[in-house]
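S.K.: Could you have a look at this structure, given as structure tokens, before my questions?
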Amino acid sequence: MKQSLLLMMMFFFISCSSAQELTSIKLNAPDLTRGDNVMKALSNRKSTREYSDKMLSIQDLSDLVWAANGINRPSESKKTAPSSQNRQDIKIYVCTAQANYLYNPKTNMLDFISEGDVRPLKAPVCLILVSDTNETWGAIDGGIVSQNISIFCSGIGLGTVPRAQMDSAGLTKALKLTGTQTLILNHPVGYFK
């Protein structure tokens, strides 16, 4: 509750003062007891393109990125999404109206990357899936993470849609992508209108 209040205050102060320095965000531990069962979540899954302006709570944001590709077996550093030959090549960037972050599953943080609004679709949060490779299996790994996002959102009552359309040049610059890093998909996420 305290972290949720802190996050809401942080977004309020960021929106009120452009001089405010943006920093990384410590996420909550995932709440493993919430949500519908898998069959109910699959039954309710649908694509949503319109969202409430309300920012996600810190718990919803924490659970969302963990479900997408967080570490679920810490002793082995294994993640919620399998990857080809355990390459773990998919990175999740979190874009808001104010700033862009990289999800760090090892520290359970959103590491600040840059300021500015580069969301491909105007939702409170857009997750950008990036592969560290330009090989075909990177797109397959991204698809698995995308499915985790869709099922999680359906299971707890959030709206999302997987999308390929995005400003590749703008995102590459804002997210500071390098080398063979490849934009795969984006997921706008928000509460239903």
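S.K.: Exactly one of (1) touching a residue at least 60 places away in the same chain (Cβ under 8 Å); (2) part of a strand (DSSP E or B); (3) out of contact with any His (no Cβ under 6 Å at 6 or more places or on another chain) is unmet by residue 72. Its number?
M.R.: Going through the list (1) touching a residue at least 60 places away in the same chain (Cβ under 8 Å); (2) part of a strand (DSSP E or B); (3) out of contact with any His (no Cβ under 6 Å at 6 or more places or on another chain), residue 72 breaks only (1).
S.K.: Moving on. Look through 177, 185, 127 and report the one residue that is touching a residue at least 60 places away in the same chain (Cβ under 8 Å) and of a type in the set (A, V, I, L, M, F, W, C).
M.R.: 127
S.K.: I'd like to know if region 59-71 contains one or more residues that are open to solvent by 50 Å² or more (accessible area, probe 1.4 Å) and touching a Pro at 6+ places or on another chain (Cβ under 6 Å).
M.R.: Within region 59-71, one or more residues are open to solvent by 50 Å² or more (accessible area, probe 1.4 Å) and touching a Pro at 6+ places or on another chain (Cβ under 6 Å).
Per-residue answers, yes or no, for (1) touching a strand residue (DSSP E or B) at 6+ places or on another chain (Cβ under 8 Å); (2) more than 23 Å from residue 170 (Cβ to Cβ):
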| position | (1), (2) |
| --- | --- |
| 44 | no, yes |
| 52 | yes, yes |
| 57 | no, yes |
| 63 | no, yes |
| 68 | yes, no |
| 75 | no, yes |
| 82 | no, yes |
| 87 | no, yes |
| 91 | yes, no |
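The values are calculated or read from the model by the stated rules, or taken from the named source; none is laboratory data. Everything numeric here is computed off the predicted structure, so don't read it as measured data. Neighbour counts are summed over all protein chains in view; Cβ atoms, including those assigned to glycine, are modelled from backbone coordinates with ideal geometry. Heavy atoms of the whole protein, side chains included, go into the accessibility calculation; ligands, DNA and RNA do not. Shrake-Rupley method; radii C 1.70, N 1.55, O 1.52, S 1.80 Å.
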